[in-house]
1. To the nearest 10 degrees, how steep is helix 7-18 against the longest Cα principal axis of the chain, on a 0 to 90 scale?
2. Keeping all protein chains in position, work out how much accessible area Thr165 exposes to a 1.4 Å probe, and write it in Å² to the nearest 10.
3. What lysines does Lys170 reach when the alpha-carbon gap must be under 24 Å and sequence neighbours fewer than 8 apart in one chain are set aside?
4. Provide the solvent-accessible area of Ser19, counting protein heavy atoms only and rolling a 1.4 Å probe, rounded to the nearest 10 Å².
5. In terms of modelled amide H atoms, which long-range or inter-chain residues lie less than 5 Å from the amide H of Met53?
6. If amide H atoms are built 1.01 Å from N in the plane of the peptide, which residues on other chains or at least 5 residues away come under 5 Å of the amide H of Tyr97?
7. Would you calculate the convex hull of the Cα atoms in the chain and tell me its volume per residue in Å³?
8. Could you state the angle between the C-alpha long axis of helix 166-179 and the longest principal axis of the C-alpha atoms of the chain, as a value from 0 to 90 degrees rounded to the nearest 10?
Amino acid sequence: MAVDDHPLIRSGLRAVIGSEPDMEMVGEAANGEEAIELYREHRPDVVLMDLRMPVMDGVAATVAILREFRDAKIIALTTYEGDADIHRALSAGARGYLLKDMMRGQLLQVIRTVQKGQRAIPAVVAARLAEYTPRIELTPRELEVLQLMAKGFSNPEIASTLGRTESTMKVHVSNILQKLQASDRTEAVTVAIQRGILHL
């Protein structure tokens, strides 16, 4: 089963899988909620799950499916291997991790490996995991501030938008810079995007 909000990605996956004599695409979903319903209906051997989708993202859908079907075999599918994304997917219970630009042979190999009950982490993703620095936990408020920083808002503008004082914003900005080990706001936003913490 393929879960992705882009029809072009789904049709590409359908073409690759359909050309294999031992594989069949039994269902396609455009968001996490559809994925849960389709899983209940088809009980596929393997699910290719996009991480970023409207309505319900792939991480939430993975958690929900595995809560109901403990043996579900789900492979995270994404365009970017930010280490926060990798950890979110694997922590949710994904058995494999695929980048959308991977070669056809790698895609099929990962599907077959996961179908056999093993984990499948491609070398490029494993390398990112090996370099992984401790998980940064920004508070929901700090994430809000970071998103506004990414849009170029000043401290007074962020304070006004969030209904807080400017001095409170300065504390939040300072905490964000410290947690991301960044020297300024621009570097903080860059680091957050590279690590998959911030999605623009």
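The values are calculated or read from the model by the stated rules, or taken from the named source; none is laboratory data. Everything quoted here is computed from the prediction, not taken from an experiment. Because the Cβ atoms are built from the backbone with ideal geometry, glycine has one as well, and the counts that use them run over all protein chains shown. These accessible areas exclude ligands, DNA and RNA; they are computed on the full protein's heavy atoms, side chains included. Shrake-Rupley method; radii C 1.70, N 1.55, O 1.52, S 1.80 Å.
1. With rounding to tens, the tilt is 30 degrees.
2. 80 Å²
3. Straight-distance partners of Lys170: Lys151, Lys179.
4. 60 Å²
5. So Met53 has HN proximity to Gly58.
6. For Tyr97, whose amide H was placed from the backbone, the distant partners under 5 Å are Ala76, Ala120.
7. 126 Å³
8. 50 degrees
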